[in-house]
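Asker: Here it is, the structure in full.
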Amino acid sequence: MQAIEQLQTIPLEVSPGREVEDWHAQRWLPQRSQSSDIELRALLERFRSETRRSPGVRARLNRPIGAPKQSTPLPPQPTGPHLDYVIALGRRTSVTRQAEAVTLADLVFAHPRRDFSRRPHQHHHPIAQYAGTVGDLVMCESQLERAFVLLADFTPTVLHIVSQPLTIMFRVGSQIRWHTPDFCVLRYGAPPLVVDVKRPEQALVVRTQERHWLVAEALAAAGMHYLVWTGLAEPVVANLSLLSRAQTPISGERRNVLRDVTVQWVLDGPQTFESLATALTREHSVPDLAAKTFLRELIWQRQLRIHMHHFLLPESEVWA
């Protein structure tokens, strides 16, 4: 994975461990205001309550061929030197705020700024990826964006993921520029982290880097961090995709007992994935398929661990 930390330097190679665990540590302009944990917690509770009543309202895959990408129109160009942030409040409505007026509520409840289309011969195929962190579908414009959502959903410190939350309008000389970032990630005790997803070769283009530097400065004016994310190794993406789908009907006290027993087995030393599944079947009468799904679920919840840079196989080592 390539991560761009500074435009003035050659992009740095991120080690395999940091690629999965500390990806959000790579950011520009980090010295900005901290979000309010109490306010964020209350907003997320309200968001999830509304999502349970109306799931999927932020997932849209019906833009007609040739229709404009923006789901809500841009406002008139700013006349002064200030920055404007356009935030979608619904499918066809938006609000324009200046930097100091952007709130956590704007980001938590933002709708995607663009509609997503699917058509024959399309190079990138949009997908609605379910994220347990959000409790709803998160829109992605490509498989690379889906990989980022999987990684963010797997990261314990991430509390909320928003797709295309805002459009930034800013002045460069006599010209007005605008940019719609791909995602915004919210965490406790940290400013919002805005993310653009690019292929490594795209991120290395000088013109693209110059644009991202301007975007980073514009976002910093509103107290937000900025990250250009360029992907994961194929085994990591495959493992995240496999683990994210693991759900079993095992619940309640039986689930707690099976979890504790499984964790105790690997505390005595790493075990293979297959041997753990066999032990659950033999000693606790868990069907083989349910046992393997239960193990994947525990790995996704980080109660068990594997080498994420190797494909998960029956002989893969598992530890706590």
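Asker: Would you say residue 281 is open to solvent by 40 Å² or more (accessible area, probe 1.4 Å) and without any contact (Cβ under 8 Å) to a residue 12 or more places away in the chain?
Answerer: Criteria met by residue 281.
Asker: For the range 126-155, enumerate the residues that are part of a strand (DSSP E or B), crowded, with 22+ Cβ neighbours inside 10 Å and out of contact with any helix residue (DSSP H, G or I) (no Cβ under 8 Å at 6 or more places or on another chain).
Answerer: So in the range 126-155, the residues part of a strand (DSSP E or B) come out as 127-131, 136-140.
Narrowing the set further to residues that are crowded, with 22+ Cβ neighbours inside 10 Å leaves 129, 138-140.
Once the filter is applied, which keeps residues that are part of a strand (DSSP E or B), crowded, with 22+ Cβ neighbours inside 10 Å and out of contact with any helix residue (DSSP H, G or I) (no Cβ under 8 Å at 6 or more places or on another chain), the range 126-155 yields only 139.
Asker: Would you confirm whether or not the range 255-266 contains a residue that is farther than 30 Å from residue 313 by Cβ, of a type in the set (Phe, Trp, Tyr) and part of a helix (DSSP H, G or I)?
Answerer: No, the range 255-266 has no match at all.
Asker: I'd like to verify a number: residues in the range 284-302 that are aromatic (Phe, Trp, Tyr) and either farther than 26 Å from residue 236 by Cβ or open to solvent by 30 Å² or more (accessible area, probe 1.4 Å) (or both), how many?
Answerer: Residues in the range 284-302 being aromatic (Phe, Trp, Tyr) and either farther than 26 Å from residue 236 by Cβ or open to solvent by 30 Å² or more (accessible area, probe 1.4 Å) (or both): 1 in total.
Asker: The conditions are (1) in a helix (DSSP H, G or I); (2) within 30 Å of residue 137 (Cα to Cα), and residue 247 fails exactly one of them. Which is it?
Answerer: Residue 247 satisfies every listed condition except (1).
Asker: Now a separate question. Failed condition for residue 178, given (1) part of a strand (DSSP E or B); (2) open to solvent by less than 10 Å² (accessible area, probe 1.4 Å); (3) in contact with a Leu (Cβ under 8 Å, 6 or more places away or on another chain), with all others met?
Answerer: Looking at each condition in turn, residue 178 falls short on (2).
Asker: So residue 106 passes all but one of these: (1) at pLDDT 90 or above; (2) part of a loop (DSSP other than H, G, I, E, B); (3) closer than 26 Å to residue 211 by Cα. Which condition number does it fail?
Answerer: (2)
Asker: Yes or no: residue 158 touching a helix residue (DSSP H, G or I) at 6+ places or on another chain (Cβ under 9 Å), among the β-branched types (Val, Ile, Thr) and farther than 20 Å from residue 237 by Cα?
Answerer: Taking the combined requirement at face value, the residue does not satisfy it.
Asker: State all residues of the range 237-278 that are open to solvent by less than 50 Å² (accessible area, probe 1.4 Å), under 27 Å from the mean Cα position of the chain (by Cα) and at pLDDT below 95; if no residue qualifies, say none.
Answerer: Scanning the range 237-278 gives 246, 248.
Asker: State whether the residues of the range 41-51 include one that is modelled with pLDDT of 55 or more, assigned to a loop (DSSP other than H, G, I, E, B) and surrounded by 11 or more Cβ atoms within 10 Å (Cβ to Cβ).
Answerer: No: the range 41-51 contains no residue that is modelled with pLDDT of 55 or more, assigned to a loop (DSSP other than H, G, I, E, B) and surrounded by 11 or more Cβ atoms within 10 Å (Cβ to Cβ).
Asker: Another one. Could you check how many residues of the range 202-218 are in contact (Cβ under 8 Å) with a residue 60 or more places away in the chain and either touching an Asp or Glu at 6+ places or on another chain (Cβ under 8 Å) or open to solvent by less than 50 Å² (accessible area, probe 1.4 Å) (or both)?
Answerer: Count: 5.
Asker: Report every pair of residues separated by at least 6 positions or lying on different chains whose Cβ atoms are under 7 Å apart, first residue within the range 157-171 and within 19 Å of residue 136 (Cα to Cα), second open to solvent by 10 Å² or more (accessible area, probe 1.4 Å) and part of a strand (DSSP E or B).
Answerer: Every condition considered, the pairs that remain are 157/187; 158/187; 159/187; 164/114.
Condition check ((1) out of contact with any Phe, Trp or Tyr (no Cβ under 6 Å at 6 or more places or on another chain); (2) among the basic types (Lys, Arg); (3) farther than 24 Å from residue 220 by Cα; (4) at pLDDT 80 or above) across all residues:
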site: 75; (1), (2), (3), (4): yes, no, no, no
site: 93; (1), (2), (3), (4): yes, no, yes, no
site: 112; (1), (2), (3), (4): yes, no, no, yes
site: 126; (1), (2), (3), (4): no, no, yes, yes
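The values are calculated or read from the model by the stated rules, or taken from the named source; none is laboratory data. Just so we're clear, the structure is a prediction, and the values are computed from it rather than from any experiment. Note that we place each Cβ from the backbone using ideal geometry, even for glycine, and neighbour counts take in every protein chain shown. What goes into the accessible areas is simple: the full protein's heavy atoms, side chains included, and nothing from ligands, DNA or RNA. Shrake-Rupley method; radii C 1.70, N 1.55, O 1.52, S 1.80 Å.
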